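No lab work stands behind these numbers, since they all come straight from the coordinates. Remember, it's a predicted structure, so these values are computed and weren't measured experimentally. Heads up, the Cβs are rebuilt from the backbone with ideal geometry, glycines too, and the neighbour counts pull from every protein chain shown.
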Amino acid sequence: MKLDIVTIFPDYFAPLDVSLLGKARQRGDVDAHVHDLRGWAHDRHRTVDDTPYGGGPGMVMKPEPWGEALDAIVPPGSSARLVVPTPSGRPFTQELAGAYAAEPWLVFACGRYEGIDARVIEDARSRMPVDEVSIGDYVLAGGESAVLVMVEAVTRLLPGVLGNAGSAADDSFAPGRMEALLEGPVYTKPPDWRGRPVPPVLMSGNHGAIARWRRDEALRRTAAIRPELIARNALDDADRRTLSE
Ligand SMILES: Nc1ccc2ncsc2c1
C-alpha cells in the first residue's frame, strides 16, 4: 500500500516509523510519505490560511497550496483515494478500515484551523475518489491525530503486518462472527497475581469451552457497555442463553 500524508505538522507523524507500521515500511509492505503543505505555499511567510469569507471566527486553509500539493502528489489518472479527516465526515469504522486496507493508494489531507476551503475537495473529486471521514464526536485541533488513528487501523489489516495474522479476525468489530462485540478480558502469566487467579477455563486446554467462555464474556461486556451493538450480531441459542442470565 502507498500512503501519502499532507500536513503542516510533518513531525506529528514520527510514530509512523515505530512498531508494526515501522517494520511494514522497512519491509516495503507500506510505502508512506509525509509532505509539508508549506512546501506549496510560495509567499515569504509560506502562508496556508486566511480569514473566512462571510466572517466568523478562526481561519480557513487556502485552496492554492492544497491544489498544488495534490496535483504534485497525485498525477492525473492515478489510482489514489483522497481521505480528508473532518468532524463533519462519515464515521470511520472497522468496516471502512477494511475497505481502505484493500486500496492501493491512500492520500490523507490533514486540515487545521476551521478547515480546508471547500473548493479543494470539489476540485479533487473531479479527478479522484474523495472521502470525508470522522473518527468521532469530540473536539480536536486538526486532522493529524485522526490520520494516525486511521493509518494504524488500516495498516494493521494488511497481510504480514500483524505478528499473528489471526488476531485481526478476533478483534472487536472485526467482520464475520465477531461483527460487533467488544473483546472480553485477557490474561497472561502468572496464574495467580495478588490473590487473583486466572479463570480456570483458560487453563483447561478445552478449546471449545474456552471459545464459549470468551464469547460469553464478550456478549456480557457488550450488553453492559454498548447494548446497542448486540442487535448487530448473529446470535445463536447459546448466545441468547448467556444474555438472558
Ligand atoms: N474535532 C474532530 C473530531 C473528529 C475528527 N475526525 C477526523 S478530523 C476530526 C476532528
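Count the net charge of all other residues whose Cβ sits under 11 Å from the Cβ of ASP17, scoring Lys and Arg as +1 and Asp and Glu as -1. With Lys, Arg at +1 and Asp, Glu at -1, the net is +2. Taking the Cβ of VAL151 as the centre, find all other residues whose Cβ is under 15 Å away and add up their charges (Lys, Arg: +1; Asp, Glu: -1). Once positives and negatives cancel, what remains is -3. Here the extension length gained between SER79 and ARG241 equals 53.5 nm, from 0.36 nm per residue of separation less the Cα-Cα distance.
Of the residues TRP105, TRP40, TRP213, the one that moves most in a GNM of the chain with alpha-carbon contacts below 10 Å is TRP213. Helical runs assigned H by DSSP (4 residues or longer) give the chain a calculated mean residue ellipticity at 222 nm of -9500 deg cm²/dmol, each run adding -39500 (n - 2.57) before division by the residue total.
By other beta-carbon atoms within 10 Å, ranking TYR113, TYR138 with the fewest at the front produces TYR138, TYR113. In this simple spin-label model, placing a label point 7 Å from the Cα along the Cα-to-Cβ direction at both ARG127 and LEU140 gives a separation of 2.7 nm.
Residues whose amide H comes within less than 5 Å of that of THR86, counting only those at least five positions distant or on another chain, are VAL133, SER134, ILE135 (H built at 1.01 Å from N in the peptide plane). Within the same chain, lysines fewer than 8 places from LYS62 are excluded, and of the rest, those with a Cα less than 28 Å from its Cα are LYS2. One equal scatterer on each Cα of the chain, no solvent, Debye formula: the resulting log10 I(q)/I(0) at q = 0.10 Å⁻¹ is -0.62.
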